[in-house]
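Report on the following structure.
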Amino acid sequence: MTALELVYESDARCQLTVKTVRSREGLDPRGLPFDTTADLLSNFLSRADVVADPEHASDPAARRERYQRIQHAAGHAPSRPATVSCDGAPATGQRIDALGLAVLELPWHDGATVLCVGVPELVDRLVLHTATAEDLSRF
């Protein structure tokens, strides 16, 4: 499975992650990872904690309890259609809002999926484009 994930930070705060996951078409589904809304929220919130406080560490029981709270919030958040500009054209996917964050899942080129997690104000005005080799060479 191949994925590219970009993290946007500002003022020592994680603001947005954009993850593109290649199509699973033709791949054996056994053992492939998948991203649930709860996983995306948990990863974003964990990353935000590390950015805000690099010394942050919690015990396994606290992490498990935290994940269960996130899973509950994600599971009870209604999903609704959302449209974002992708390469100048509208792309419609699904969005949920939970725990003060927005999670957006969009179909992308050739069966890939784009997963965005961030503060709602940024997701509301999100404009995406396909990265070029020149874009990626800067990383």
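Taking every protein chain into account, the 1.4 Å probe leaves His129 with about 120 Å² of accessible area, to the nearest ten.
Stretched out straight at 0.36 nm per residue, the stretch from Ala89 to Asp59 would grow longer than its current Cα-Cα span by 6.3 nm. What a 1.4 Å probe finds exposed on the stretch 62-110 is 52% carbon and sulfur by accessible area, rounded to a whole percent.
The values are calculated or read from the model by the stated rules, or taken from the named source; none is laboratory data. These figures come from a predicted structure and were not determined experimentally. The accessibility values were calculated without ligands, DNA or RNA, using every heavy atom of the protein model including side chains. Shrake-Rupley method; radii C 1.70, N 1.55, O 1.52, S 1.80 Å.
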